[in-house]
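The values are calculated or read from the model by the stated rules, or taken from the named source; none is laboratory data. Model, not experiment: these values are computed from the prediction. Please note: Cβ atoms are built from the backbone with ideal geometry, for glycine as well, and neighbour counts cover all protein chains shown.
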Amino acid sequence: MKILHINLNFKVSSLYKQFSEYLIKNNADISVYFPTARDWKNTEEADYLETDPILNKYDRLFFYNRNKKIVKSIEEKYQTKQIDLIHAHSLFSNGNIAYSIKRKHHIPYIVAVRNTDINVFFKKLVYMRNRGIKILNEADKIICLSESYKKILLNKYIPQNIKNSIEKKIEIIPNGIAPYWFDYKNKPKKLSQNRKLKILSVGFVNKNKNALTSAKACQYLKNKLGIDIELTLVGDIQDEKYFNKIDKYKFVNHIPFQPKEKLLEIYRESDIFLMPSITETFGLSYAEALSQGLPVLYSKGQGFDKQFMDGVVGYSVESDNEKDIASKIQLVMGNYSNLSKNCITGVEKYCWDKISKKYIEIYKNSSTRMK
């Protein structure tokens, strides 16, 4: 069974490479199509990867013209009769290509729904909603990274008359994390009573990651309960003005992005992982934190919410409410040992080997080529 992956964002994150390699390791016959800018230099050597430098700076502005260009490229590079299934890695940018190919060549497809699909295309580009619904309606399977995003999709954007048929096609499968985090998985941690409470966030410093509200929550705990606390932000600064507001808090430390070896040390030196993002499809750093035994605090209704029941590996928080975040930090402190133990066992759901096998079963069970 030949699977064509369409992924305009293949180089955006290393997770796509990891996923592809585990599929191949588990005997999936895949090819990844990745259209690039004309001046892009290919540094990736992989037999499964097919690049084509056909895109220019104007293509983002002309969605359907770009789509036609990419479909034509795929037709030139592949014998479409030999493709059994397409895996589109996002709903609009990749899914519309799969949708066009299905209409022309009758090749079934599965499609993933990601943060940009929900919070940009569906939410802000109202004129694109009908296209998104058509893509979902024609898909054999729909992959959501979390239960939260499944609910947002169904409750906000899917018409009532097709809601049941769409819901039946949805599978919840999270992203995996790099094997490194399993190779160096920590033991359950205990909370020391004799030093500062060390809270960690890993990700870009910008309004969406919401570290300012985290800092306000920490300040609240210092003022009301006298907790000696330290908040460390690891990640490059994308918004200097926003960071300057955070930097006024003396207990905040900032560290630029670090290689995984150094990041491992930082996770292990920390007590709690806190990232109350305004929007988040999944957030790999939550799962990385679990591998090191750190209980996590995550935004209610966003990508990591409902990965576990509240109180198993941490708690959901209201992202705009520093008092709620502060109260959840206290809950973690009161049940720290159990939460940390659950983190170490719970992280196994983010193993790429297990995830890739789930996808292979979906590939096998998806519709055969329409005659």
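Structural remarks
- Every residue from the stretch 16-27 that is hydrophobic (A, V, I, L, M, F, W, C) and either at positive phi or buried (at least 21 other Cβ atoms within 10 Å of the Cβ) (or both): PHE19, LEU23
- Taking every residue in the stretch 92-111 that is more than 18 Å from LYS2 (Cβ to Cβ) and touching a residue at least 60 places away in the same chain (Cβ under 8 Å) and pairing it with any residue that is among the acidic types (Asp, Glu) and assigned to a helix (DSSP H, G or I), at least 6 positions away or on another chain, yields no pair with a Cβ-Cβ distance below 6 Å.
- Which numbered condition ASP239 fails, given (1) buried (at least 18 other Cβ atoms within 10 Å of the Cβ); (2) under 27 Å from the mean Cα position of the chain (by Cα): (1)
- Between PHE257, PHE273, the distinction of being buried (at least 20 other Cβ atoms within 10 Å of the Cβ) and under 19 Å from the mean Cα position of the chain (by Cα) belongs to PHE273 only.
- Of the residues making up the stretch 298-346, those that are of a type in the set (Gly, Ala, Ser), over 21 Å from CYS218 (Cβ atoms) and under 22 Å from the mean Cα position of the chain (by Cα) number 4.
- Any hit, the stretch 80-94, residues being at pLDDT 95 or above, among the acidic types (Asp, Glu) and assigned by TED's automatic domain parsing to the domain that holds ARG131: yes
Rundown of residues vs (1) touching a strand residue (DSSP E or B) at 6+ places or on another chain (Cβ under 6 Å); (2) of a type in the set (Lys, Arg); (3) closer than 18 Å to ARG66 by Cα; (4) in contact (Cβ under 8 Å) with a residue 12 or more places away in the chain, yes/no style:
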residue	(1), (2), (3), (4)
ILE3	yes, no, no, yes
LEU8	no, no, yes, yes
TYR16	no, no, no, yes
ILE30	yes, no, no, yes
PHE34	yes, no, yes, yes
GLU45	no, no, no, no
THR51	yes, no, yes, yes
LEU55	yes, no, yes, yes
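- The stretch 307-346 - residue that is more than 21 Å from ILE227 (Cβ to Cβ) and free of Cβ contacts under 8 Å to residues at least 12 places away in the same chain and, of those, surrounded by the fewest Cβ atoms within 10 Å (Cβ to Cβ): MET309
- Against the conditions (1) farther than 20 Å from VAL296 by Cβ; (2) free of Cβ contacts under 8 Å to residues at least 60 places away in the same chain; (3) outside any helix (DSSP H, G or I), LEU153 satisfies every one except (3).
- Given (1) at pLDDT below 95; (2) surrounded by 23 or more Cβ atoms within 10 Å (Cβ to Cβ), index of the condition GLY301 fails: (2)
- Annotation note: of LYS196, LYS151, LYS216, LYS187, the sole residue that is surrounded by 14 or more Cβ atoms within 10 Å (Cβ to Cβ), over 18 Å from GLY95 (Cα atoms) and not assigned by TED's automatic domain parsing to the domain that holds LEU15 is LYS216.
- GLY226 vs. criteria at positive phi, surrounded by fewer than 16 Cβ atoms within 10 Å (Cβ to Cβ) and assigned by TED's automatic domain parsing to the domain that holds GLU322: yes
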